[in-house]
Structure formats: structure tokens, C-alpha cells
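Below: one structure, written as C-alpha cells.
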Amino acid sequence: MASDLPDYFFRVRENGAFVFRVDVENRQRRIDMDQIAVVNVKNGEIKPHGGRALSDDDVQAISNWMQERQMVLAERNIDDILRNVDHLNITAHWAQSRATEDELEAITDALLLAMHDLRTVLVRKKADRMMKG
């Protein structure tokens, strides 16, 4: 098992991760994780932890992880938006086929305002893209 472990472990947090170096080469033959850095995926910042200096290998591994993490987050973001499209379709079906008058009264204004805001943003962004191209 120990030989299968990666050299680094990234404890994900909201804007990045805490980075640990994984050590299995010790006398007790247990897994030690030593925090070496804190990273911010949004601004690309890498802060060494505890006044230590990061090796070139450390920085390269962290940079690679940050690049992969940014791709994962971008894919999740698009997936979330596509799920919202599904939810809007499900909501339309619900409103047309099963919603009671009281239920519709409870959600109509909030939903109409949110959809109007979204439509306004999408139309403006589409017009901007068309003007560029």
C-alpha cells in the first residue's frame, strides 16, 4: 500500500488546498503527512507553510495540481449550468402539469425576476459576441 501512495496530498478547501508531503519512509512505517504549503487556485498563489522553502519538485507538483484542479472546476461549472437548464425544463413541466395555484403564487415572482435577469445578461453577452465577430 505504501508504495502506491502519491508524494503529495492536497486537502481541498474553498479557494485552493493545503498541500502535504506524504512520507512513508520512516522507522515506524506509518504514513506521515507534513504540510508544506497553502495554495489559492483562483489567483495562483503558492505560500510555503511554516517558513520552509519549496523544492523545484514541490512547486512543479503543486503547479500541475492547480492546473488540473482549475480544469475540474471549469468542467463542474459547465455541468452545474447544464443541470440548471434541466431544472428549468422540469420546473416548466411541473408548473404546467402539477402545480397548484398556491404553489405557483409562492414561486412565480421570484422565478420570473430571476429568469428576466438571466435573459437580460444572456442577450447582452450574445450581442457583445456578435459585435466582435
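Charging the Cβ of each Asp and Glu at -1 and of each Lys and Arg at +1, and nothing else, the dipole of the chain about its Cα centre rounds to 420 debye.
Say R0 is 30 Å: what FRET efficiency, to the nearest 0.05, do Val85 and Gln60 get from their beta-carbon distance?
0.20
Largest first, the three principal axis extents of the alpha carbons in the range 2-98 are 67, 30, 19 Å in whole numbers.
Answer rounded, prolate or oblate for the range 8-50, using the Cα gyration tensor with square roots of eigenvalues a ≥ b ≥ c: rounded when a/c is under 1.5, else prolate when a/b is larger than b/c, else oblate. Prolate, since a/c reaches 1.5 and a/b exceeds b/c.
With R₀ set to 30 Å, the beta-carbon distance separating His93 from Arg119 gives a calculated FRET efficiency near 0.95. Within the listed set Asp80, Asp57, Asp109, the residue fluctuating most in the Gaussian network model of the chain (springs between alpha-carbon atoms under 10 angstrom) is Asp109.
Could you tell me which of Ile107, Leu122, Ile81 has its Cα farthest along the dipole of the range 70-126 towards the positive end, charges placed at Cβ (Lys, Arg +1; Asp, Glu -1), taken about the Cα centre? Result: Leu122.
If I take every Cα pair under 8 Å that is 6 or more residues apart in the chain, average their sequence separation and divide by the length, what percent do I get for the relative contact order?
RCO, the chain: 12 percent.
Candidate cross-link partners of Lys125 among the aspartates and glutamates, defined by an alpha-carbon separation under 14 Å and a same-chain spacing of 8 or more, comprise Asp117.
Only the coordinates and a few stated rules stand behind these numbers; no lab work does. Keep in mind that this is a model prediction, so the values were computed, not measured. Here the Cβ is made from the backbone with ideal geometry for all residues, glycine too, and neighbour counts use every protein chain on show.
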